[in-house]
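This report concerns only the one structure given below.
Nothing in this text is a laboratory measurement; each read-out follows from the coordinates by a stated rule. This is a predicted model, so every value here is computed, not measured. Every residue, glycine among them, receives a Cβ derived from its backbone with ideal geometry; neighbour counts consider all protein chains shown.
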Amino acid sequence: MRSSNSPTKNSRKKLYFGLVGAGAVAQSYIEALESCSEAELVGVADNRFDAAQRIGERMRCRSYDRVERMVADCRLDAAIVCTPPVTHPDICVHLMQHGIHVLCEKPFSIDVAGARRMLAAAQKSDVKLTMASKFRYVADVIRARSIVASGVLGDMVLFENVFASCVDMSARWNSRPEISGGGVLIDNGAHSVDLIHYFLGPLAEVHAREGKRVQRLQVEDTVILVARSVTGVLCNIELSWSLSRQKESFLDIFGARGSVSVGWKKAARLDFAHREWMSFGSGYNKIQAFRSQIENFARAIRGEEPLLITAQDALDSVNIIECAYQSLRQNQPVHVANASATTLESSQLSSALPRSSRHETLH
């Protein structure tokens, strides 16, 4: 049953949140929650109980070694799940079966079958389910989308995104395919494909190419992803844990009459006719993005505004990444089919089949 303390529409009482996972990304959520007017953290769960306790002490909330204990002991309206991706379906389904709204970190799931299972649980329990993808909540990204939507740039021609920096991944779970589902393509790439969806809508095809494995990992550490939207816009995505592009912008969108550039420290629009750059932002603010993400989720629960990232968006993200890995294996472009078109029976069948590593042909 949903907790009895759930606020009614337009109530300003803070929603009671639980946090599942006390790792690195959880620390950003903690900072965001400290200045969030919509949510109060009442519980944190991690199988490393000492890590949960540290957050509990900082936030003056209860600590647990298992999510099941937190659900049984706390009155939760919502939960943020920031555990490794392979655990997402089981944890999220358990929460939703208890009437708890869920914000799940990206990558949403390591496969489409797991994502469909999560969406089915949300529908059955009548709760909100969303994927955490912080870049959609960056103020400059939102402004850039408004500029694109206004039509002042003309017809869209090219979308470029770069998430590349030198990070030693040898001792991190992100490079263990049985836990992460893959390497830099699913990790950083989950942000990239969600940004494409946000600006351009559905994709028609993807073509992924792997670079040299500098770090000698079990998974890919550098990937170029070329895609084309249904509307014909070309997309070029550069992803790497092993090189730094030293690029001021992480997002550049070119139209026939102008372009927008969103960077880590500034954002600007270029008018091709006048060759004039016009600033419209001050860059990437991580805590602002996390806080805005939580606030949108809370207001959607209250019924005050729609989710910026729907459960269907999350499923589409997983589907595109799955198609990209198929392209990586086959070394050719892959058509992106509608993830929602597959029947429930085929989804159940795929879930029952033994899972083999999607990277077994990539080593």
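For the chain, go through all pairs of different Cα atoms, get the mean of 1/r, take its inverse, and jot down that Kirkwood value in Å. Could you put the intermediate results ahead of the total?
Working: mean 1/r = 0.0473 Å⁻¹.
Evaluated over the chain, this radius sits at 21.1 Å.
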- Task: Note the direction-averaged projected area, equal to a quarter of the hull surface, for the Cα convex hull of the range 139-284, in nm².
- Result: 8.9
- Query: Stretched out fully, how many nm does the piece from ARG216 to ASP90 gain, at 0.36 nm a residue minus the Cα gap?
  - Reply: 42.3 nm
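Taking loop as defined by DSSP and a crowding limit of 15 other beta carbons within 10 Å, which chymotrypsin sites (Phe, Trp or Tyr not before Pro) in the range 229-308 fit?
On the way: sites: TRP241, PHE250, PHE254, TRP264, PHE272, TRP277, PHE280, TYR284, PHE290, PHE297; in loops: TRP241, TRP264, PHE272, TYR284.
When the chymotrypsin sites (Phe, Trp or Tyr not before Pro) of the range 229-308 are filtered for loop state and at most 15 Cβ neighbours within 10 Å, TRP264, PHE272 remain.
With +1 assigned to the C-beta of every Lys and Arg and -1 to the C-beta of every Asp and Glu, and no other charges, what is the dipole magnitude of the range 139-284 about the Cα centre in debye, to the nearest 20?
Values: 16 positive and 16 negative charges, 47 e Å.
I would put it at about 220 debye.
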- Largest-first ellipsoid semi-axes for the range 250-307, taking √(5λ) over the Cα gyration tensor eigenvalues, angstrom: 31, 14, 8
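So for each of 19-25, 150-156 I average, over its residues, the number of other beta carbons within 10 Å; can you give me the resulting order with the highest mean first?
Working: 19-25: 21.0, 150-156: 14.0.
The packing order, highest mean first, is 19-25, 150-156.
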- Take the alpha-carbon centre of the range 56-95, take the same for the range 144-205, and report the distance between them in whole Å. 27
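For a quick protection proxy, order the peptides 164-170, 298-304 by their average other-Cβ count within 10 Å, most packed first. Could you put the intermediate results ahead of the total?
Details: 164-170: 14.1, 298-304: 17.7.
Order by mean packing, descending: 298-304, 164-170.
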- Label point distance in nm, ARG299-PHE49, each placed 7 Å from Cα along Cα→Cβ: 4.0
- Query: How far apart, in nm, are two points set 7 Å out from the Cα along the Cα-to-Cβ line at VAL226 and at PHE272?
  - Reply: 2.1
- Highest to lowest packing among 103-110, 176-183, scored as the average C-beta count within 10 Å: 103-110, 176-183
- Task: With a point put 7 Å past each Cα toward its Cβ, work out how far SER170 is from GLU205 in nm, to one decimal.
- Result: 4.0
- Task: Work from the charge dipole of the chain (Cβ charges, +1 for Lys and Arg, -1 for Asp and Glu, about the Cα centre) and give the residue of SER244, GLY232, ILE287 farthest towards its positive end.
- Result: ILE287
- Message: Taking amide H atoms as placed 1.01 Å from N in the peptide plane, list the residues 5 or more away in sequence, or in a different chain, whose amide H sits under 5 Å from that of VAL336.
- Response: GLU205, VAL206
